[in-house]
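Read-outs: derived from the displayed coordinates by stated rules, not from any lab. None of the values given here were measured: they were computed from a predicted structure. Cβ placement follows ideal geometry from the backbone for every residue including glycine, while neighbour counts extend to all protein chains displayed.
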Amino acid sequence: MTAPASSDVIIVGGGIMGSSAAFFLRRRGLSVTLLESDLIGRQASGTNFGNVRRQGRPLYQLALANRAIAIWREAEALLDCDVEYRQFGHMRVCYRTRPELAATMEQYAADARQSDLDLEMLSGNMLRTRFPFLGEEVLAASYSPLCGHANPRLVSPAFARAAQRLGAMVHERCAVTETAKMGDDFVVAAADGRQFRAPVLLITAGAWGDRFAAAFGEPLPLTSRAPNMCVTEPLPYALRPSVGVVTPDTEESVYIRQVERGNLVMGGSFYNPSYPDRYRVDVRPENSLSLWRQIQRLIPAVGRVSVIRTWSGIEGYLPDSAPVMGPSMTTSGLYYAFGFAGAGFQLGPGVGDTMAELIATGRTDIDLAPYRADRFSAG
Ligand SMILES: Cc1cc2nc3c(=O)[nH]c(=O)nc-3n(C[C@H](O)[C@H](O)[C@H](O)COP(=O)(O)OP(=O)(O)OC[C@H]3O[C@@H](n4cnc5c(N)ncnc54)[C@H](O)[C@@H]3O)c2cc1C
């Protein structure tokens, strides 16, 4: 039997968290093996909507989001690849039927200013003049000029390729079936019999992360959700910011952006049933129709356009919608960064950088207390 391949760090899961962590770990000089059961970015990181949005996050998460946005701004130079990050703004709107949400957005804007997030509140003539495409039902908006969107299909592969150029070993179609700690090292086995060994193991397995944590005595209440997505035929380019509805009602919670080639990408309304064990989502046509109806309330002109494709993806949720991020509470050398729910794409590069810093130096300026693995069992 061949000896397991050795490195300083093994990463399980090649979404945006795993591939960006591999890149930043290599920049810090650690040897890295990245194992992905399918193709890099094949799951949530490659199927998401593409919002690179800071507003609307819990205030405690803004430090991490700010770290991420700084990396997004230099992504093209850093990765030697245009991942189509465009800082064209992000807007959240509320409807006249929920006027109380305008005050909530205003309060958020005031609070977020301390975390370097400047939001413009818009309503009335000012809103209509600047964004004439919005529907009559829209009452007010919170606009973040320094947010944007990017192409999810490009980002994780670009990080993985950049990590590879720096010397990381990237194994696609390498499903990890077993992880164990033997002495000072973790030994990781893949379905095809390959074995890997390292003193540090980082789990970035998205909606599948809980099974690895459970194997080390840390059961986590991770569930999954699958947002519905549609894309239209290309139209003349007109919509620069990405726009979303603030509402407690799942049905009316939708979002839309336009890519520069002209297609409108939209998502939200009801979730599709998801089956993470089979890596499957049941994309329900009625959910696309509901999404379509809701988008027409937001931007009525969209009504006459053809949808050319619908899809979905699987995101992992913990009960407080925050991820598990940081060291294991049971096993030294083991780290987690998974369960990023519906908002991990924006955070991704910041998470990879933070985890690399933590693993390489033993510390990070990002407060990881809200993300502890034992927060659901600590009472
Ligand atoms: C439809 C949709 C829309 C979204 N829209 C947005 C958005 O606009 N903005 C935003 O910020 N966030 C959005 N999100 C959320 C965001 O996509 C996720 O939070 C983020 O991509 C999670 O990244 P990840 O690397 O943790 O997980 P993933 O991308 O799921 O990566 C985990 C990887 O682990 C691999 N893996 C699992 N088990 C194993 C194993 N045994 N061995 C090896 N590899 C394994 C999987 O194959 C997968 O590739 C959306 C999500 C979805 C699904």
Inset, instruction - Could you size up the charge dipole of the chain around its Cα centre, putting +1 on the beta carbon of Lys and Arg and -1 on that of Asp and Glu, and report it in debye to the nearest 20? - result: 620
Legend entry - Calculated from backbone phi, Karplus (6.51, -1.76, 1.60) coupling profile of the stretch 22-36 in Hz, x at Gly/Pro: 4, 4, 6, 5, 5, 4, 8, x, 8, 7, 9, 10, 10, 10, 10
Legend entry - Net charge over other residues, Cβ less than 15 angstrom from the Cβ of Gly167 (K, R count +1; D, E count -1): +4
Inset, instruction - Pick out, from Val83, Met126, Phe23, the residue whose Cα sits farthest towards the positive end of the charge dipole of the stretch 1-141, with +1 on the Cβ of Lys and Arg and -1 on the Cβ of Asp and Glu. - result: Met126
Inset, instruction - Treating only the Cβ atoms of Lys and Arg (+1) and Asp and Glu (-1) as charged, compute the dipole magnitude of the stretch 170-298 about its Cα centre; round to the nearest 20 debye. - result: 280
Inset, instruction - Could I have the simple spin-label model distance between Glu251 and Asn66, label points 7 Å from Cα toward Cβ, reported in nm to one decimal? - result: 4.0
Inset, instruction - Please identify the longest segment of the chain free of exposed trypsin sites (Lys or Arg not before Pro), where exposed means a DSSP state other than H, G, I, E or B and no more than 13 other Cβ atoms within 10 Å. - result: 262-362
Inset, instruction - Would you mind listing how long the chain runs along its three principal axes, going by Cα atoms, in whole Å with the largest first? - result: 70, 43, 42
Legend entry - Rounded to the nearest 20 debye, dipole of the stretch 99-238 from Cβ charges on Lys, Arg, Asp, Glu: 640
Inset, instruction - Compute the distance in nm between two label points, each set 7 Å from the Cα along the Cα-to-Cβ direction, one at Ser377 and one at Glu106. - result: 4.6
Inset, instruction - Taking DSSP loops as anything outside H, G, I, E and B, show the longest stretch in the chain free of GluC sites (Glu not before Pro) there with at most 12 other beta carbons within 10 Å. - result: 137-259
Inset, instruction - Using only the alpha carbons, work out the radius of gyration and Dmax of the stretch 217-318 in angstrom. - result: 14.9, 54
Legend entry - Extent along principal axes [Cα atoms of the stretch 1-160; Å; largest to smallest]: 71, 30, 28
